[in-house]
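Okay, so here's the structure we're looking at.
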Amino acid sequence: MLHCHIDHIAVTAPSLEAGAEFVAQALEVRPQPGGEHERMGTHNLLLRLGESTYLEVIAPNPKAPKPQRPRWFALDDPNAVSRSRLATWIARTTNIRDALATTPEPLGQIESMSRGALNWLISVPPDGSLPLGGVAPALIEWQVPVHPASNMQEMGCSLVRLELFHPEPHRVTALLGVLGLPHSVRVSGLLSAHSPFLVAHVSTPHGIRTIG
């Protein structure tokens, strides 16, 4: 059986400035500088949420050339990046190939990525879309000796709970069960006319706050 873990949650934004303001209004804490993803034409900001968990603000990098393929996290979709939002999350595994071969939902293809000294494998759909509307996680396998969150600035924040809302909750529950994540997140149903969404509950120096 697979034993995946919540690695990070992703806020997509039209710009890093807009994403930082979105996080600051929700959590009363501002994310710190991250870096650039040359292959995807994006850049990010980061907020530590534990020793091996963090929040990422990710946006198209206006100074980078447009990539030859669709950007990840639906960042080429004008509707998706018209505003900042908690768009999806990423689950950590020690064997991404086995994990993808086992999942009942298509989570994408394995892409080799890097940012500075960091290297990792991550699942990305060829069209850059978000599986199950962002409620299904991307899978990541870090190829570094120490999780990157351990080197981020400590801001007194931690992830308390992640909630996933989807019109077909049984599909989400089945996926999480296969990944070994059934108790890490809470799954709730929605009316069929409603779009999937996520809510993260975060402990901050100002108390429990929600984002999403």
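The values are calculated or read from the model by the stated rules, or taken from the named source; none is laboratory data. The structure displayed is predicted, hence computed values, not measured ones. Neighbour counts run over all protein chains shown; Cβ positions are idealised from the backbone, glycine included.
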Conditions (1) under 24 Å from residue 26 (Cβ atoms); (2) in contact with a Ser or Thr (Cβ under 9 Å, 6 or more places away or on another chain); number of the one not met by residue 154: (2)
Any residue that is touching a helix residue (DSSP H, G or I) at 6+ places or on another chain (Cβ under 8 Å), within 21 Å of residue 210 (Cα to Cα) and surrounded by fewer than 18 Cβ atoms within 10 Å (Cβ to Cβ) - is there at least one of those in segment 52-69? yes
Against the condition under 25 Å from residue 209 (Cα atoms), out of contact with any Leu (no Cβ under 8 Å at 6 or more places or on another chain), buried (at least 17 other Cβ atoms within 10 Å of the Cβ) and at pLDDT 95 or above, how does residue 156 come out, does it pass? no
Those residues that are touching a strand residue (DSSP E or B) at 6+ places or on another chain (Cβ under 8 Å), aliphatic (A, V, I, L, M) and surrounded by fewer than 20 Cβ atoms within 10 Å (Cβ to Cβ), I need them from segment 19-51; list them, please. 26, 29
Quick check on segment 190-205: of everything there that is touching a helix residue (DSSP H, G or I) at 6+ places or on another chain (Cβ under 9 Å) and modelled with pLDDT under 95, which residue is nearest to residue 80 (Cα to Cα)? 195
Given segment 136-212, what strands (runs of 3 or more DSSP E) lie entirely inside it while holding 1 or more residues that are without any contact (Cβ under 8 Å) to a residue 12 or more places away in the chain and on the phi > 0 side of the Ramachandran plot? 207-211
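For the structure I just gave you, tell me whether residue 16 is buried (at least 21 other Cβ atoms within 10 Å of the Cβ) and more than 14 Å from the chain's Cα centre (by Cα).
Details: buried (at least 21 other Cβ atoms within 10 Å of the Cβ): yes; more than 14 Å from the chain's Cα centre (by Cα): yes.
Criteria met by residue 16.
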Qualifying residue in segment 74-81 (condition: buried (at least 21 other Cβ atoms within 10 Å of the Cβ), on the phi < 0 side of the Ramachandran plot, more than 14 Å from the chain's Cα centre (by Cα) and among the hydrophobic types (A, V, I, L, M, F, W, C)): yes
